[in-house]
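J.: Dropping a structure here in structure tokens format, bear with me for questions.
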Amino acid sequence: DSKMSIEILVGWRRRKFSQVLYTQRGELQAGSQNVRPGGLLCVRQKNAQQFNNMVFLHTDSGVTAKEFQTRRTMFGKIFSLNKVLEVLHEQGGKSRFIALGDLNTMGRVKAPRVSPVSEAEEIAQLVVAAGAANMQLLPKSAPKTWSSPTGSKRGNLNNVLASKDLTFTTQRT
């Protein structure tokens, strides 16, 4: 549903869930035809009332002011979706929401009338914005989770945002 190719394959076990809904969220493209729509998977386990909601996302890539702003807009839409899920009667005040994928947190280069933002600064800004939206950026076991095909470039691009009503444990690998 965009000019880009599909990169995320989503699957689920039918027998584990009593209800499964999958939709593509075009509003997560933030008006850019070069950005894939987010895939929203809502699953309800058998004998449960609440849905677990996961959006698989690939945000705008690049370090220009426009690409940086499109990413920020996309994050804002994630935070808005979290707030909507929180107030649904079926959810009982808990959004049970995870947004994950290639969030392309690569910063912004200096341009006229805008100062540069480093990759680390963009991550720090995302942490603050997530906290204000009742979400959290989950810690990772490695800071650089993306590398270019040649391995010459590495980045902190793949991340997970989760609602604060969810708890996580670190698994040993």
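J.: Is any residue of the stretch 45-71 close enough, with backbone N under 16 Å, to a label point placed 7 angstrom from the Cα of ARG13 along the Cα-Cβ axis, and if so, which?
T.: Backbone N within reach: 45-48.
J.: A follow-up question, please. Among the aspartates and glutamates, which fall within straight-line cross-link reach of LYS77, defined as a Cα-Cα distance under 12 Å, with same-chain neighbours fewer than 8 residues apart omitted?
T.: Reachable aspartates and glutamates: GLU27.
J.: In deg cm²/dmol and to the nearest 500, what is the mean residue ellipticity at 222 nm of the chain if only DSSP H runs of at least 4 residues count, each as -39500 (n - 2.57), divided by the residue total?
T.: Result for the chain: -7500 deg cm²/dmol, rounded to the nearest 500.
J.: Give me the percent of accessible area attributable to carbon and sulfur for the chain, probe 1.4 angstrom.
T.: Here carbon and sulfur together make up 53 percent of the probe-accessible area.
J.: For the chain, which longest stretch is free of loop sites, where a loop site is one of the trypsin sites (Lys or Arg not before Pro) that DSSP puts outside H, G, I, E and B and that has at most 11 other Cβ atoms within 10 Å?
T.: In short, 47-109.
J.: Among all stretches of the chain without exposed chymotrypsin sites (Phe, Trp or Tyr not before Pro) (DSSP loop, at most 12 other Cβ atoms within 10 Å), which one is longest?
T.: Longest site-free region, per DSSP loop and neighbour criteria: 13-167.
J.: Sorted from largest down, what three extents in whole angstroms do the Cα atoms of the stretch 79-173 have along their principal axes?
T.: Largest first, the stretch 79-173 extends 47, 43, 18 Å along its Cα principal axes.
J.: Okay, moving on. Taking the alpha-carbon distance from LYS140 and a cut-off under 18 Å, which aspartates and glutamates remain once sequence neighbours fewer than 8 residues away in the same chain are dropped?
T.: Reachable aspartates and glutamates: ASP102, GLU119, GLU121, GLU122.
J.: Taking a probe of 1.4 Å, how large is the accessible area per residue of the chain, in Å²?
T.: Per residue, the chain has an accessible area of 61 Å².
The values are calculated or read from the model by the stated rules, or taken from the named source; none is laboratory data. No experiment lies behind these values; they were computed from the predicted model shown. Methodologically, a virtual Cβ is constructed for each residue, glycine included, from the backbone with ideal geometry; neighbour enumeration extends over all protein chains shown. Accessible surface areas use protein heavy atoms only, side chains included; no ligands, DNA or RNA. Shrake-Rupley method; radii C 1.70, N 1.55, O 1.52, S 1.80 Å.
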